[in-house]
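This report concerns only the one structure given below.
Throughout, read-outs are computed from the coordinates displayed, never taken from laboratory work. Predicted model only: the values in this text are computed from it and were never measured. Note that each Cβ is placed from the backbone with ideal geometry, even for glycine, and that neighbours are counted across all protein chains shown.
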Amino acid sequence: MEVYRSFILRLLRNYLIGSIAAVFVVGSVVMVSTLQLPNIQFIRLIIIVLISLLFMLVAELITLWAQLGPIRQFFASEHHEKADLTKMYESIHRFPGQTIYRILGPHMLGFSLPAAGLTIWMISTGGLEFPYGYVAVAAACALLIAVMHALIEYFLTVRTVRPLLLEVRRRGKEQHGIEPSLGGRVLVSIQRKFQLSTALIGLFPLLLFFLATFIRLQYMDSEFAKEYILWAVLIVVLGGGFALVGSWLLIRDVRGPVTELTEEMTRIQEGDLGRRTPDLYADEFSALISGFNMMINRLEMRQERNRQLLQSYFSTLAAALDARDKYTAGHSMRVAEYSILIGKLSGMNEEQADLLYKSALLHDIGKIGIPDEVLLKDGKLSDDEFAIIRTHPVLGESILLQIEPIDAMADFLPGVRSHHERYDGKGYPDGMVGEEIPLFGRIIAVADAFDAMTSDRPYRNGMSHEKALSILEEGKGTQWDPYFAGLFIDEWRRQQQQHVQEPAERGVS
């Protein structure tokens, strides 16, 4: 509650600052310097003002108590649900806006209605001697002063609520491991704040001067005062137009770089770090954009470093696995290269191709869990031993599922688990058929089979590339996906033919 009590003290301090600046100084000076009344009538006006202030304070305190209710109840408790923290974070952000409604509602009406009623009653009884029309002018002044008071109070309250927001974030992190935020939502746009603020700042002294001068001229020359109204209205309209145009130009100057930075942040969230925001500004935005671009450079460097570390991690895992058996050394790397060749031939984009490459590097990771006497056996495997070997796709998936965060390996699991599935459904571990088999599994199966057939084993020598291609061709549509097997066979033979032709062409030349 200490944070809440400190907030209330600052809120009351700001209210006094705003009230003194907008009501007592402006209102009293205008009233005293404009009206020409006997001292007794000034005393009666002051009494009316004091009585109206009491009504205003009561009305405003009741409203403020109601507006603070949810915040007060929240900080009276130490433990909160996650949803309550998020809701309160947004409610606190909305509180400065509620300040405007409070001042333009209970504050202004709580003062204006009693003041207008008492003034009209005093005029009717002869206690005050000035035209009833002055009451309307006074009401207009009250509205104008209330608007300025609301503006001052809003910006002061925006800063006052920040300790409350920090406290809500602290509790969220301690109790639920989250820091509540608006998630990029805009509750009050910069454009709206700038346009209203600059327009009011420009119009306030103009309107106040117009109203005060009109009353002053009534004492000097009432006929001229009537002519003055038309001229003054024209000046106010011109001044208002200038204030609006000026506020529009100002907000456009501010909104431009803000919009650019917002768009760039959205692009970065989508993973695109390849572009930099052009620095076209000579004010503080230049430093902001320069810092933003520097941040992107650092992110790009870190992303590249992480990519290299991850690539090294996968390669090291594959090399560690292959090192268990001298006869399979380099197998995972070759399968990865064959796989990415097939992926690119099929039109796979760079991101997918990279995931395929890493999946192929890890496709046999489950063999880490296979006993040496089975994995490294020189002769032909027995049925029981082959059954143990057949568990390595599931073991590989289980190993990868142990890596944190849990979704880090999600893209690689299908290829690792399904690279021994057959297109006709006779594979393992799940017996999937055709395109039920995950895409990476169908591609790696072709690459894995080709490297296995062309590599030496303790019990046999590797077969020729052409013979392996012939076996792949015979197995299209039964053991292997016909499309991917066909792509690999055609490309390999094309490359072989190209190698044969190049020496012949050099000899002719």
### Summary
dims of segment 238-309, Cα set, principal axes, largest to smallest, nearest Å -> 65, 23, 11
### Summary
Given 20 °C, 1.002 mPa s and a Kirkwood radius over Cα pairs, the Stokes-Einstein diffusion coefficient of segment 444-498 in µm²/s is 188 µm²/s
### Message
If you wrap a convex hull around the alpha carbons of segment 318-457, what volume per residue comes out, as a whole number of Å³?
### Response
111 Å³
### Task
Just need the relative contact order of segment 61-149 here, percent rounded to a whole number, with Cα pairs under 8 Å and 6+ apart.
30 percent
### Query
Mind checking the alpha-carbon convex hull of the chain and giving the volume per residue in Å³?
246 Å³
#### Entry: Residue range of the chain that is longest and free of GluC sites (Glu not before Pro) which are both DSSP loop and sparsely packed (at most 15 other C-beta within 10 Å)
271-509
### Query
With each label point set 7 Å from Cα along the Cα-Cβ vector, what nm distance links Glu90 and Ile40?
6.1 nm
### Query
Which distance in Å, rounded to a whole number, links the C-alpha centroids of segment 61-140 and segment 388-422?
64 Å
### Query
For the Cα atoms of the chain, what angle does the longest principal axis make with the long axis of helix 190-220, in degrees from 0 to 90, nearest 10?
10 degrees
### Message
Longer than 27 Å from Cα to Cα, which of Lys377/Lys476; Lys344/Lys467; Lys82/Lys193; Lys426/Lys467; Lys358/Lys380; Lys377/Lys467 are they? Say none if no pair is.
### Response
Lys377/Lys476; Lys82/Lys193; Lys358/Lys380
### Query
What is the Rg over Rh value, at two decimals, for segment 69-120, using alpha-carbon atoms and the Kirkwood definition of Rh?
1.27
### Task
Would you mind checking segment 335-352 for residues with the amide N under 17 Å from a putative spin-label position 7 Å along Cα→C-beta of Leu310?
349-352
### Query
Compactness ratio of segment 146-190: Cα Rg over 2.2 N^0.38 Å, N = residue count?
1.50
## Note on the structure
Correct semi-axes for segment 382-444, from √(5λ) of the alpha-carbon gyration tensor and rounded to whole Å with the largest first, are 21, 17, 7
### Query
Taking a quarter of the surface of the convex hull around the Cα atoms of segment 185-316, what do you get in nm²?
11.5 nm²
### Task
Could you give the size of the charge dipole of the chain about its Cα centre, using +1 on the Cβ of each K and R and -1 on the Cβ of each D and E, expressed in debye and rounded to the nearest 20?
2200 debye
### Task
Put one equal scatterer on each alpha carbon of segment 62-167, apply the Debye formula with no solvent term, and list log10 I(q)/I(0) at q = 0.16, 0.19, 0.20 1/Å to two decimals.
-0.77, -0.94, -1.00
### Task
With everything on Cα atoms, drop me the angle between helix 465-474 and the longest principal axis of the chain, reported from 0 to 90° to the nearest 10.
70 degrees
### Structure-based [θ]222 nm, the chain - -39500 (n - 2.57) summed over DSSP H runs of at least 4, per residue, nearest 500
-25000 deg cm²/dmol
### Debye log10 I(q)/I(0) at q = 0.20 Å⁻¹ for segment 261-392, Cα point scatterers
-1.13
